[in-house]
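Visitor: Please read through the structure below; I'll follow up with questions.
The values are calculated or read from the model by the stated rules, or taken from the named source; none is laboratory data. This is a predicted model, so every value here is computed, not measured. With ideal geometry, Cβ positions are generated from the backbone for all residues, glycine too; neighbour counts draw on all protein chains shown. We work out accessible area using only protein heavy atoms, side chains counted, and drop any ligands, DNA or RNA first. Shrake-Rupley method; radii C 1.70, N 1.55, O 1.52, S 1.80 Å.
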2 protein chains.
Amino acid sequence: MTAAGKHQASRPIGRRLERAGIRDVAAAAGVSITTVSDALNGKGRLPDATRRHVREVADRLGYRPSAAARTLRTGRSGLIGLTVTTYGEEPFTFTEFAYFAEMARAATSAALARGYALVILPASSRHDVWSNVALDGTVVIDPSDHDPVVTDLVRQGVPVVSDGRPAGNLPVHAWVDNDHEAAVLDILDHLAAAGARRIGLLTGTSTDTYTRLSTTAYLEWCERVGQEPVYEAYPAHDPCAGAVAADRLLARPDRPDAVYGLFDPNGTDLLAAARRYGLRVPDDLLLVCCSESSVYATTEPPITTLSLKPGRIGTAVVQLLIDAIEGGGSGAPVQQVMPTDLIVRISSQRRQPRTTVSPPRNAGE
Amino acid sequence: MTAAGKHQASRPIGRRLERAGIRDVAAAAGVSITTVSDALNGKGRLPDATRRHVREVADRLGYRPSAAARTLRTGRSGLIGLTVTTYGEEPFTFTEFAYFAEMARAATSAALARGYALVILPASSRHDVWSNVALDGTVVIDPSDHDPVVTDLVRQGVPVVSDGRPAGNLPVHAWVDNDHEAAVLDILDHLAAAGARRIGLLTGTSTDTYTRLSTTAYLEWCERVGQEPVYEAYPAHDPCAGAVAADRLLARPDRPDAVYGLFDPNGTDLLAAARRYGLRVPDDLLLVCCSESSVYATTEPPITTLSLKPGRIGTAVVQLLIDAIEGGGSGAPVQQVMPTDLIVRISSQRRQPRTTVSPPRNAGE
DNA sequence: CAGCTTGACAGATACGTTTCTCCATGGCTG
DNA sequence: CAGCCATGGAGAAACGTATCTGTCAAGCTG
């Protein structure tokens, strides 16, 4: 047999498949460990011949540097946490799928392009899981008031960037958010321009920043133009509650002739409710909702949606985070406000030729 | 003397915030490193008093074990890769959002419950990113024929479990998949029972297992019942192509009176197309599509959907993977076939008693 | 030709754990 | 009282990498 000689001198108690280590490569290439490390990482000063030789030997042995060892030595893991809010025990709810999916997709791409990978970590994770993964930094989506995990991370000196303004005084290093007030005002103006006299709002009962800012903007707008606010609030993470709230809103005596829904499923819910009450969209009711879903392009009628551009946000958040990681936590916290995108479809436009707008059934005061 | 003596011997060049290490705890508690490790991990044989004392000191110092060091020593990182197929440079497409999101959510929860976290890793990741993260195992979604990354991982001895039957002879350790044939046959029978004479199929052009199995089942069913197949295939990752294909299918001279769409957006696309051709659903056209989206509960009319139960699949995949990781790659590959769920709504049922239904405004074009 | 720089590498150490081996002590039994 | 076991704990060896500090020869300069 060939390899019978020196009983190899290595430790055959290897975990699995006796992976080749850097010293095996060094031995095989007839150079020192230092040289291998330098050659592979393009560091020291070596003649190209040596560099090539080492690389080739490494390839031949199928050498893969141990991520754990490298992390231990350098203090960098190349891992970024993606913290998602939780409802009960579950990571995120159906309501936010489209937003979250798009945001995560963009974040993943952006991180990858800079050599980082994302770790999904629900905010309510068991502590042992959190501390068991070496994170270079964390993206946190819509951090709640005093998220213990985030606080903990910040205290450990791990850079944290949040998607959405941090509630309370969470000391994140940077955040990115949409200009929610501007978005709402824009929509209300758009609806008013389309002839709406009484614009209603479908909003949430939770205290997150998005809901709060949007609702406040709505109320302010109402006050400014002298309209009585007409809104229904419901727990946004419960899809059934959304349908009920939509129905309630259209059942009111002071029924609105236009509605903006803050959450993704509101569009279909409102459409269904409108149908139940025999309201035609957009003739009797103008509709807009905030959603990333493409289904609204093909509903009957297609519904105008506000896109928060989660992709842009995901990218921005990751860039900011990696800058913080690599640049060293220099300077003051960065905050970046991104515009939204109103995709106007039929549901928010009065039919053109129609001069007289069909008034609500009984115009009562 | 207590401290001051030996000038501490420590290195003040610490990366960031001089995190306390295990030896700091040992010193502070007046015991050895071994004792601290044992006390914190509940291993050795120590009196409860010592154990408590060490824990308390560790807490006081805010000690967090270094994940990197632990991983290096134990060979376990507690990290599981979640590999998603890519189209172009992007991780996944809009078509699969709902499925992917639900699957990822369940997988995250399941992993977390067993002390693992998930790392998102697009299949086309740069190699250096892949090898820079220490993975205990990997979940791969719909692996393509000879995915280089998966092959590489398997060769390194990393356990791999796939969602969907592995194409080709990818040597995964286990897989979980739906019973796609049974699902399609079930749907076709269901539509036939509702009175359909000619059932059409909206399918994909790609060669993945799902598309292939489903299409084959359809063709077989057609042959068995003696129906001429009527189908359109399109590149599933292109949403616009889907709308076009739906239109084409309903424009055919041998127009089907029922359609099953294999992909998520097919429902709304078909509905839109039906509207264009003045076809009433379900009166003139029965509709079913495969989707995880809840919007189909509130479309007009609500559409019958086939759910693949991605949550169940995600959970199963993770369980299998962790079993493989912890149990040691014992035994033959496991394969697990999970049932699907047909959610019957109005679109696939002929109206029962109703004599006259309020007809659409003007039926013609 | 002594002394200096520079290129090309080798040796040794540290990163922070886990764990294997080994050493005290003290209370028993035979 | 010698021998033994159980208990409680300390020491030291890995794990695999990245670097810091040398070393040695060759090529210069003055």
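Visitor: Per DSSP H run of n ≥ 4, the term is -39500 (n - 2.57); total these for chain A, divide by its residue number, and report the mean residue ellipticity at 222 nm rounded to 500 deg cm²/dmol.
Guide: -12000 deg cm²/dmol
Visitor: Say each of A:GLU300 and A:ASP341 gets a label point 7 Å from the Cα, pointing the same way as Cα to Cβ; how far apart are those two points in nm?
Guide: The modelled label-to-label distance comes out at 2.8 nm.
Visitor: Hey, if we sort A:CYS240, B:CYS222 by accessible area with the 1.4 Å probe, largest down, what's the order? Walk me through the intermediate numbers first.
Guide: Working: A:CYS240 95, B:CYS222 0 Å².
Ranked list, largest accessible area first: A:CYS240, B:CYS222.
Visitor: Also, I was wondering about something else. Averaged across B:99-108, how many Cβ atoms of other chains sit within 10 Å of each residue's Cβ atom?
Guide: 4
Visitor: Something else: When chain A is modelled as a GNM with alpha-carbon springs shorter than 10 Å, which of A:THR298, A:THR268, A:THR151 fluctuates the most?
Guide: Largest GNM mean-square fluctuation: A:THR298.
Visitor: When chain A is modelled as a GNM with alpha-carbon springs shorter than 10 Å, which of A:SER347, A:SER131, A:SER162 fluctuates the most?
Guide: Looking only at A:SER347, A:SER131, A:SER162, the biggest GNM fluctuation is shown by A:SER131.
Visitor: Separate question: Counting Lys +1, Arg +1, Asp -1, Glu -1, what net charge surrounds B:GLY30 among other residues with beta carbon under 13 Å of its beta carbon?
Guide: Values: positive: B:ARG23; negative: B:ASP24, B:GLU56.
Neighbour charge sum, excluding B:GLY30 itself: -1.
Visitor: Using a Gaussian network model of chain B whose springs link C-alpha atoms within less than 10 Å, name the residue from B:ALA246, B:ALA123, B:ALA297 with the highest mean-square fluctuation.
Guide: B:ALA297
Visitor: Now for a different question. Go through B:LEU61, B:ALA236, B:CYS290 and say which Cα lies farthest out towards the positive end of the charge dipole of chain B; charges sit on Cβ, +1 for Lys and Arg, -1 for Asp and Glu.
Guide: After comparing all options, I get B:LEU61.
Visitor: What figure, in Å² to the nearest 10, do you get for the accessible area of B:LYS309 with a 1.4 Å probe and non-protein molecules left out?
Guide: Roll a 1.4 Å probe over it and B:LYS309 shows about 60 Å².
Visitor: Along Cα→Cβ at 7 Å, what distances in nm separate the B:PRO239 label point from those on the other copies, shortest first?
Guide: Label point to label point, same position, other copies: 1.8 nm.
Visitor: Another question about this same structure. In chain B, which whole DSSP H runs stretch at least 18 Å along their own axis (Cα) and average 0.5 or higher on the Kyte-Doolittle scale?
Guide: The qualifying helices are B:97-113, B:180-193, B:239-251, B:310-327.
Visitor: May I ask you to rank A:ARG76, A:ARG252 by accessible area, largest first, using a 1.4 Å probe over the protein chains only?
Guide: A:ARG76, A:ARG252
Visitor: Between the chain alone and the structure with every protein chain in place, find the residues of the stretch B:44-79 that drop at least 50 Å² of accessible area; heavy atoms, 1.4 Å probe.
Guide: Listed by number, the residues meeting the 50 Å² cut-off are B:ARG64, B:ALA67, B:ALA68, B:LEU72.
Visitor: Tell me, what is the per residue accessible area of chain A in Å², probe radius 1.4 Å?
Guide: Per-residue value: 47 Å².
Visitor: What distance in nm separates the two pseudo spin-label positions at A:GLU228 and B:ARG275, each 7 Å out from Cα along the beta-carbon direction?
Guide: 3.4 nm
Visitor: Compute the label-point distances linking B:GLY278 to its equivalents in the other copies; points lie 7 Å from Cα along Cα→Cβ; give nm, one decimal, shortest first.
Guide: Shortest to longest, the spacings are 2.6 nm.
Visitor: Using a 1.4 Å probe and ignoring any ligands, DNA or RNA, find the accessible area of A:MET338 and quote it in Å² to the nearest 10.
Guide: 30 Å²
Visitor: Between B and A, buried accessible area summed over both sides at probe 1.4 Å, in Å² to the nearest 100?
Guide: Between B and A, the summed buried area is about 5400 Å².
Visitor: Rank-order A:210-216, B:37-43 by packing density, defined as the average count of other C-beta atoms within 10 Å over each peptide's residues, highest first.
Guide: The most tightly packed comes first, giving A:210-216, B:37-43.
Visitor: When Cβ neighbours within 10 Å are restricted to other protein chains, what is their mean count per residue of peptide A:258-271?
Guide: 2
Visitor: Evaluate the distance, in nm, between pseudo-label points positioned 7 Å from the Cα of B:ARG350 and of B:ARG114 along their respective Cα→Cβ axes.
Guide: A separation of 4.9 nm, rounded to one decimal place.
Visitor: Probe radius 1.4 Å, ligands and nucleic acids ignored: give me the carbon and sulfur share of the accessible area of the protein assembly as shown as a rounded percent.
Guide: Taking all protein chains in place, the protein assembly as shown shows 53 percent carbon and sulfur surface.
Visitor: In debye to the nearest 20, how big a dipole does the stretch A:115-173 give about its Cα centre with +1 on each Lys and Arg Cβ and -1 on each Asp and Glu Cβ?
Guide: Details: 3 positive and 7 negative charges, 14 e Å.
It comes to approximately 60 debye.
Visitor: Here is a follow-up. Would you mind listing the distances between the A:GLN156 label point and the same position in each other copy? Use 7 Å along Cα-to-C-beta, nm, one decimal, shortest first.
Guide: Values, ascending and in nm: 2.3.
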